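Worksheet for the structure shown next.
The values are calculated or read from the model by the stated rules, or taken from the named source; none is laboratory data. All values reported here derive from a predicted model rather than from experimental measurement. Ideal geometry is used to build each Cβ from the backbone, glycine not excepted, and the neighbour counts take in all protein chains shown. All accessible areas refer to the heavy atoms of the entire protein, side chains included, with ligands and DNA or RNA removed. Shrake-Rupley method; radii C 1.70, N 1.55, O 1.52, S 1.80 Å.
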Amino acid sequence: VTDGEVLVCGFDSRGAMRGLHHVEALMKLKRAPILPMMDELRAPKHSPRITSAPFYAKMELDTPEDAYSDGLLGRISRAGFNAIWLWGDLDEVAHSSVYPELDHGVRERQAKLRRLIARTSRYGIDVYMYLANRPLPDSFYQKHPGVRGSERRSYGGTHILCTSVSEVRQHLKAATTDLMKSAPGLKGIVFIVGGEGFMHCYTRKNTCPRCSRRTPQETIAEFSRSLVEGARAGNP
């Protein structure tokens, strides 16, 4: 900022946008188009800087209204965030050829995800999918008895899919690949394995005879690798 010029530069278009946001914030502080003469270089300490809309966890891709209005995206961007995360149960946001019967409204949610990614990109915001899964009902295990894992009666299910079975890991990889291919602009995936989000046989009390012969570290590393490999296969 000189006596006759305000010059804003960025490494890329997003950087220029961040610079303009900073100039805007300085003017808002003065409540007038007043800037000090200065030469300032700014860089983020952390990236990505992820947030999410309150009160909409687990519902962003299912509610008829859009949790992320243009007004909210503008506020998120001006607050310095460059990414949001959406909750997605894997079987609801991704198709798997291993267990196609788990597909319920997947293509509709993927279409909504693509539309959201297109809008968030205008505000310099990336989208990450927070992956989760749920126990499946007995009707599923009657058809696939060999993949029944630890008992967990919640969300309408009775048991966890046992990730010590190679077929289950193939399912996780195929589904994650499909998710990334269906939404090329999706920045990445997030999953928590310590008790919330992505369930496995060691999530609570382990009652799975297969996983009981293995360590938690071994089983968790194994299925985590399947998710990561699937994501990279869908979008390197």
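Quick notes on this one:
- Conditions (1) open to solvent by 10 Å² or more (accessible area, probe 1.4 Å); (2) modelled with pLDDT under 95; number of the one not met by Arg148: (2)
- Within the range 57-91, tally of residues that are closer than 30 Å to His22 by Cβ, touching a residue at least 12 places away in the same chain (Cβ under 8 Å) and basic (Lys, Arg): 1
- Pick from the range 45-101, criterion more than 11 Å from the chain's Cα centre (by Cα) and aromatic (Phe, Trp, Tyr), ranking: farthest from Arg148 (Cα to Cα): Phe81
- Every residue from the range 195-215 that is surrounded by 15 or more Cβ atoms within 10 Å (Cβ to Cβ) and in a helix (DSSP H, G or I): Cys211
- Inspection of the range 24-39 identifies no residue that is without any contact (Cβ under 8 Å) to a residue 24 or more places away in the chain, loosely packed, with under 15 Cβ neighbours inside 10 Å and closer than 30 Å to Arg114 by Cα.
- Any hit, the range 158-167, residues being in contact with a helix residue (DSSP H, G or I) (Cβ under 6 Å, 6 or more places away or on another chain), assigned to a loop (DSSP other than H, G, I, E, B), free of Cβ contacts under 8 Å to residues at least 60 places away in the same chain and surrounded by 21 or more Cβ atoms within 10 Å (Cβ to Cβ): yes
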